[in-house]
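Take a look at the structure below.
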Amino acid sequence: MTSKQRAYLRGLANTMEPIVHVGKDGVNDNMIKQLSDALEARELVKGTVLQNSPVTAREAIAELCEGTGAEPVQCIGSRFVVYRAREKDPKIILP
């Protein structure tokens with residue numbers, strides 16, 4: 001992914017609300033499945049790592065991207081954004 005494409009996705013994610021929350025259990029198989037389903041529906045997902053989580057946002061985004069085959073877009077503080085294009089009929093067309 002180029003920096004221009006990443007910047008475009010960051011702009012789209014700017015107004016989004018986080019829908020994935022990493023809590024006290026950290027990243028588990030159930031969370032990876034939930035994120036995969038959300039990526040299939042939306043392609044671009046914002047998440048947050050809660051304060052009581054045993055992992056940092058960078059660790060969480062690395063594990064989630066590895067488990068779902070997504071690409072990390074942004075990680076600032078406790079928030080992160082991931083992207084995975086749909087195989088059929090993608091919604092987001094990258095520049």
Check on Val49, more than 12 Å from the chain's Cα centre (by Cα), buried (at least 18 other Cβ atoms within 10 Å of the Cβ) and more than 20 Å from Leu94 (Cβ to Cβ): no
Filtered residues of the stretch 15-38 (kept if over 15 Å from Gln74 (Cβ atoms) and open to solvent by less than 50 Å² (accessible area, probe 1.4 Å)): Val22, Gly23, Gly26, Val27, Met31, Ile32, Leu35, Ser36, Ala38
Single unsatisfied condition, Leu12 versus (1) in contact with a Gly (Cβ under 6 Å, 6 or more places away or on another chain); (2) among the aliphatic types (A, V, I, L, M); (3) within 17 Å of Cys75 (Cα to Cα): (1)
Candidate set from the stretch 82-95 (those that are modelled with pLDDT of 85 or more and of a type in the set (Val, Ile, Thr)); member that is most open to solvent (accessible area, probe 1.4 Å): Ile92
Options Arg79, Arg42: the member that is at negative phi, at pLDDT 95 or above and surrounded by fewer than 17 Cβ atoms within 10 Å (Cβ to Cβ): Arg79
Of residues in the stretch 61-78 being farther than 19 Å from Asp25 by Cβ and not small (Gly, Ala, Ser), the one farthest from the chain's Cα centre (by Cα): Ile76
Condition met for Glu71 (among the acidic types (Asp, Glu), buried (at least 18 other Cβ atoms within 10 Å of the Cβ) and under 22 Å from Ile93 (Cβ atoms)): no
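The values are calculated or read from the model by the stated rules, or taken from the named source; none is laboratory data. All values reported here derive from a predicted model rather than from experimental measurement. For neighbour counting, all protein chains shown are included, and Cβ atoms are generated from backbone atoms with ideal geometry for every residue, glycine included. These area figures cover heavy atoms from the full protein model, side chains too; ligands, DNA and RNA do not enter into them. Shrake-Rupley method; radii C 1.70, N 1.55, O 1.52, S 1.80 Å.
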